[in-house]
Amino acid sequence: MDALADNMLLADFFKTYARRGPRQRRHMRALLTQHPLHGVCHILAGVLARRKPMFRMRGVLEKIAVPTLVLAGEHDYVCHKAAKLLHNTIPGAVAVRVPGAGHMVPLEEADEFHRVVDTFLAGAA
């Protein structure tokens with residue numbers, strides 16, 4: 001698990017937060033290593049490899065009829081295309097890109113994350 005965590009910290013999912021400094025790197029590493037190796041392997045091999053790609057679900061996405069916030073970090077290159085698809089396909093979806101954040105917006109820009117979600121929820125009520 002230690003070797004896997006070291007490699008995962010280099011991945012686009014985690015690198016923006018992990019590169020902010022030693023404290024953030026230790027924090028992200030602790031979040032990753034708290035899970036048993038077999039659980040991480042199950043997620044990577046079983047769930048992610050077998051899930052239906054969002055890009056084949058346009059018909060379902062077009063039928064969403066609830067207020068939808070599509071929130072992504074400015075540097076979240078992993079989910080950039082998916083966020084664009086959600087925003088363009090879900091009727092009335094609101095898209096927000098959080099400056100300075102990568103994939104882990106709630107950790108990387110917590111105050112802005114809370115502000116955006118609070119603002120969205122206040123408007124959706």
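Which residue is surrounded by the fewest Cβ atoms within 10 Å (Cβ to Cβ), if the candidates are limited to the range 9-19 and must be of a type in the set (Phe, Trp, Tyr) and part of a loop (DSSP other than H, G, I, E, B)? Show your work before the answer.
Step one: filter the range 9-19 for residues of a type in the set (Phe, Trp, Tyr), giving 13-14, 17.
Add one more test, that the residue is part of a loop (DSSP other than H, G, I, E, B), and what stays is 13-14.
Working: Phe13: 19, Phe14: 23.
Residue satisfying both the conditions and the ranking: Phe13.
Picking from Val78, Val40, Val60, which residue would you name as being out of contact with any strand residue (DSSP E or B) (no Cβ under 6 Å at 6 or more places or on another chain), among the β-branched types (Val, Ile, Thr) and in a loop (DSSP other than H, G, I, E, B)?
Numbers: Val40 fails: in a loop (DSSP other than H, G, I, E, B); Val60 fails: in a loop (DSSP other than H, G, I, E, B).
The conditions single out Val78.
Matching residues to (1) within 15 Å of the chain's Cα centre (by Cα); (2) closer than 23 Å to Ala18 by Cα:
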{"position": "Leu61", "(1), (2)": "no, no"}
{"position": "Val66", "(1), (2)": "no, no"}
{"position": "Cys79", "(1), (2)": "yes, yes"}
{"position": "Lys84", "(1), (2)": "yes, no"}
{"position": "Thr89", "(1), (2)": "no, no"}
{"position": "Ala93", "(1), (2)": "no, no"}
{"position": "Gly102", "(1), (2)": "yes, yes"}
{"position": "Pro106", "(1), (2)": "yes, yes"}
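Inspect the range 110-121 for any residue being part of a loop (DSSP other than H, G, I, E, B) and surrounded by fewer than 16 Cβ atoms within 10 Å (Cβ to Cβ) and give the result as yes or no. Steps first, answer last, please.
Of all residues in the range 110-121, those part of a loop (DSSP other than H, G, I, E, B) come to none.
Taking every residue of the range 110-121 in turn, none turns out to be part of a loop (DSSP other than H, G, I, E, B) and surrounded by fewer than 16 Cβ atoms within 10 Å (Cβ to Cβ).
With the structure loaded, tell me whether Asp6 is under 12 Å from the mean Cα position of the chain (by Cα), farther than 30 Å from Ala122 by Cβ and surrounded by 11 or more Cβ atoms within 10 Å (Cβ to Cβ) or whether it fails that test.
Values: under 12 Å from the mean Cα position of the chain (by Cα): no; farther than 30 Å from Ala122 by Cβ: yes; surrounded by 11 or more Cβ atoms within 10 Å (Cβ to Cβ): yes.
Spelling it out, it is not the case that Asp6 is under 12 Å from the mean Cα position of the chain (by Cα), farther than 30 Å from Ala122 by Cβ and surrounded by 11 or more Cβ atoms within 10 Å (Cβ to Cβ).
Being free of Cβ contacts under 8 Å to residues at least 40 places away in the same chain and either within 22 Å of Phe120 (Cα to Cα) or in contact with a strand residue (DSSP E or B) (Cβ under 7 Å, 6 or more places away or on another chain) (or both): is that true of Asn88 here? Steps first, please.
Details: free of Cβ contacts under 8 Å to residues at least 40 places away in the same chain: yes; either within 22 Å of Phe120 (Cα to Cα) or in contact with a strand residue (DSSP E or B) (Cβ under 7 Å, 6 or more places away or on another chain) (or both): yes.
Spelling it out, Asn88 is indeed free of Cβ contacts under 8 Å to residues at least 40 places away in the same chain and either within 22 Å of Phe120 (Cα to Cα) or in contact with a strand residue (DSSP E or B) (Cβ under 7 Å, 6 or more places away or on another chain) (or both).
So, in the range 20-43, of the ones that are in contact with a Leu (Cβ under 9 Å, 6 or more places away or on another chain) and under 29 Å from Pro99 (Cα atoms), which residue ends up surrounded by the most Cβ atoms within 10 Å (Cβ to Cβ)?
Met28
For every residue, the table says whether it meets (1) more than 25 Å from Ala3 (Cβ to Cβ); (2) among the charged types (D, E, K, R).
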{"residue": "Tyr17", "(1), (2)": "no, no"}
{"residue": "Arg23", "(1), (2)": "no, yes"}
{"residue": "Leu37", "(1), (2)": "no, no"}
{"residue": "Leu44", "(1), (2)": "no, no"}
{"residue": "Ala82", "(1), (2)": "yes, no"}
{"residue": "Val94", "(1), (2)": "yes, no"}
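Matching residues to (1) over 17 Å from Glu109 (Cα atoms); (2) aromatic (Phe, Trp, Tyr); (3) touching a Phe, Trp or Tyr at 6+ places or on another chain (Cβ under 7 Å); (4) at pLDDT below 95:
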{"site": "His27", "(1), (2), (3), (4)": "no, no, no, yes"}
{"site": "Gly39", "(1), (2), (3), (4)": "yes, no, no, yes"}
{"site": "Leu44", "(1), (2), (3), (4)": "yes, no, no, yes"}
{"site": "Leu48", "(1), (2), (3), (4)": "yes, no, no, yes"}
{"site": "Phe55", "(1), (2), (3), (4)": "yes, yes, no, yes"}
{"site": "Val60", "(1), (2), (3), (4)": "yes, no, no, yes"}
{"site": "Asp76", "(1), (2), (3), (4)": "no, no, no, yes"}
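State the number of residues belonging to the range 76-93 that are among the charged types (D, E, K, R) and surrounded by fewer than 19 Cβ atoms within 10 Å (Cβ to Cβ). Walk me through how you get there before you give the answer.
Step one: filter the range 76-93 for residues among the charged types (D, E, K, R), giving 76, 81, 84.
Subsequent filtering for residues that are surrounded by fewer than 19 Cβ atoms within 10 Å (Cβ to Cβ) retains 81, 84.
Selection size over the range 76-93: 2.
May I ask you to list the residues in the range 94-105 that are surrounded by 18 or more Cβ atoms within 10 Å (Cβ to Cβ) and either in a loop (DSSP other than H, G, I, E, B) or acidic (Asp, Glu) (or both)?
Once the filter is applied, which keeps residues that are surrounded by 18 or more Cβ atoms within 10 Å (Cβ to Cβ) and either in a loop (DSSP other than H, G, I, E, B) or acidic (Asp, Glu) (or both), the range 94-105 yields Ala101, Gly102, His103, Met104.
The values are calculated or read from the model by the stated rules, or taken from the named source; none is laboratory data. On a predicted model such as this, the values are computed, not experimentally measured, just so you know. All Cβ positions, even for glycine, are placed from backbone atoms using ideal geometry, and neighbour counts span all protein chains on display.
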